[in-house]
Amino acid sequence: MTDQRYDIIVVGARCAGSPTAMLLARKGYRVLVVDKASFPSDTLSTHLIHPPGVDAMKRWGVLDQVVATGCPPIDTYALDFGPFVLVGSPGTPESPVAYGPRRTVLDKILVDAAADAGADVREEFTVDEILMDEGRVTGIRGHDKGGESVVDRARVVVGADGRHSLLAKTVAPESYHEKPPLLCGYYSYFSGMDVRRFETYVRNYRGFAAWPTNDGLTLVVGGWPYREFEANKSDVEGNWMKMLDQEPSFAARVRAGKREDKFYGTPVPNYFRKPYGPGWALVGDAGYNKDYITAFGITDAFLQAEMVATALDEWLLGARYDEVMGGYQKARDDRAIPFYEFTTQIATQDPLPPQLQQLFQAMAGNQEAMDAFARMNAEVLSPAEFFSEESIGRIMAAAGGAAGRPA
C-alpha cells in the first residue's frame, strides 16, 4: 500500500474531471485524477457540445484536436413543432458552431490534456473508500486492475464521478430543486442519413432529434414521458420507431439509413447538490443533473470545471475556503437554474401551453427571433432573458400581435 499526497485529487476523468485536473495542473498544483475506465472508452451520453462548451475547448487549446477527428461542425439548429419550424444560428461570431464528438474521441483528448498539463492520470483504478478525519475528507483508498491497494491524500477531493458519485454518497450533501425522472430517452447511431445540422422535433408527448457525429454517423435520440416506461420497455425499438412516425419524412430518412449500434438510454433524476464542504467539492453531474433532452450536460461540465478550478486556485493562494466555494455554488446555480427549469419543463413532453404556441408561431419567419431561440437552446442566451417581458414584447410586436409571458 502506498500513501501519496496531492493538492487535489479528482475522482472521475471524463468531461468534468479531466478539465478540472488540467486547469489546476496548469496552475502548478500537484493533481491526481483517477477513473475506473481506460481511455478511449464510451459512456452513456448524447455528446452534443453547444457553442459555450466549444468556446471552452478553444480556451483550453484542445478544440483543434476535436476538429481533427473529422467531427462535423453544426452551425444551424432547426426546431420543428409540426405546424412551423424555427431555424436559427446557435452561436456567436466568436464561437458560431456546436460539435457532437463521440465520447470515445472526446474523453481521450481531455484525459491526455490533463496528463500533458502535469496531472497524474490513473486509469483502471477503482475508488473503494473516501477517507474522512473528524468530518473532513482527506483522501481516497482504492485499487488498480491488479488489485493492489493504494491510499492517496489531498487537501481537497473533487467528485467528478457522475450521478452515482461515491464522494456524494459519502458526504451526503444537501439536495435541492429536486424533481423525479421525467423522460425515457433512447438513442443509437445511423449511417446513410447525411444530417448536417441539429434537428429536433416536438410533438405531443414525444420528442426526437438528430445531429452528426464522427465517422459519418448520425446520432438519433427520442423519448416519451417516464410514466410510459413500464408500458414501452419491452419493445424499445418498436415504440421508438412508432414515435418517429409522427414525422413521416424524418422516419423515412431513418429507415433509409442503417442502424450501426444498439439502443442506449436510461431515465435520470433532476437535482442540485451543495457542491462543497470540508475537504471536498463536486463538479458536473455529481453536483447538478438534469434530463438530457436539451443535451446541456457536457457544456455545463466544462463551464463548472472552470468555475471550481478558479475557486480552488483562489483558496490554495490563501482565500477563505467557504467564501470562494460559496461563490462557486452561486455562480453555478445562477447560470444553471434557468436552463434547468427550461429543461425539466420540456422533458415532461406535455403539449405546449397556448401562450407558448402563440409566441413560437409569432417567431416563425423572424430571423432575429429564431436566432435568439436557437441560442437559448444552445446555452448562449439564458431562458430568463429570452422569456423576459421585453423580449416577448419585441417578438409579438414584430408579428403584429400580443401575448402574455408564458407560464
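Summary of values
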read-out: Looking only at region 65-76, and only at residues there that are in contact (Cβ under 8 Å) with a residue 12 or more places away in the chain and not in a loop (DSSP other than H, G, I, E, B), the one that is surrounded by the most Cβ atoms within 10 Å (Cβ to Cβ); value: I74
read-out: The lone exception for P101 - which of (1) within 19 Å of D194 (Cα to Cα); (2) surrounded by fewer than 16 Cβ atoms within 10 Å (Cβ to Cβ) it fails; value: (2)
read-out: Candidates A119, A113, A98 - the one that is touching a residue at least 60 places away in the same chain (Cβ under 8 Å), more than 16 Å from T43 (Cβ to Cβ) and more than 23 Å from the chain's Cα centre (by Cα); value: A119
read-out: Residue match in region 7-20 (condition: among the charged types (D, E, K, R), under 22 Å from Q304 (Cα atoms) and touching a strand residue (DSSP E or B) at 6+ places or on another chain (Cβ under 6 Å)); value: yes
read-out: For A168: the one exception among (1) more than 22 Å from Y6 (Cβ to Cβ); (2) part of a helix (DSSP H, G or I); value: (1)
read-out: Residue match in region 77-84 (condition: outside any helix (DSSP H, G or I), surrounded by fewer than 17 Cβ atoms within 10 Å (Cβ to Cβ), among the aromatic types (F, W, Y) and out of contact with any Cys (no Cβ under 8 Å at 6 or more places or on another chain)); value: yes
read-out: Qualifying residue in region 155-168 (condition: of a type outside the set (F, W, Y), closer than 30 Å to F81 by Cα and over 24 Å from the mean Cα position of the chain (by Cα)); value: no
read-out: A210 being at pLDDT 95 or above, over 30 Å from I337 (Cβ atoms) and small (G, A, S); value: no
read-out: Meets criteria (more than 19 Å from the chain's Cα centre (by Cα) and in contact (Cβ under 8 Å) with a residue 60 or more places away in the chain) for T104; value: no
read-out: Among residues of region 246-262, those that are surrounded by 14 or more Cβ atoms within 10 Å (Cβ to Cβ) and assigned to a loop (DSSP other than H, G, I, E, B), counted; value: 4
read-out: Number of positions in region 5-39 that are closer than 19 Å to G287 by Cα and either without any contact (Cβ under 8 Å) to a residue 24 or more places away in the chain or part of a strand (DSSP E or B) (or both); value: 6
read-out: Matching residues in region 280-294 - criterion: being part of a loop (DSSP other than H, G, I, E, B) and touching a Lys or Arg at 6+ places or on another chain (Cβ under 8 Å); value: G287
read-out: Considering residues of region 29-51 that are crowded, with 21+ Cβ neighbours inside 10 Å and within 18 Å of P101 (Cβ to Cβ) only, the residue farthest from the chain's Cα centre (by Cα); value: P51
read-out: Test: G91 is under 18 Å from G297 (Cα atoms) and of a type in the set (G, A, S); value: yes
read-out: When residues of region 382-407 are limited to those that are assigned to a helix (DSSP H, G or I) and of a type in the set (G, A, S), the one modelled with the lowest pLDDT; value: A399
read-out: Residue check, D322 in the same structural domain as L110 (by TED's automatic domain parsing) and either in a loop (DSSP other than H, G, I, E, B) or more than 22 Å from the chain's Cα centre (by Cα) (or both); value: yes
read-out: Matching entry among I298, I337 (being assigned to a helix (DSSP H, G or I), surrounded by fewer than 22 Cβ atoms within 10 Å (Cβ to Cβ), touching a His at 6+ places or on another chain (Cβ under 9 Å) and in the same structural domain as P19 (by TED's automatic domain parsing)); value: I337
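The values are calculated or read from the model by the stated rules, or taken from the named source; none is laboratory data. Only a predicted model underlies this, so the values are computations on that prediction, with no experimental measurement involved. Using ideal geometry, Cβ is built from the backbone for each residue, glycine included, and neighbour counts are taken over all protein chains shown.
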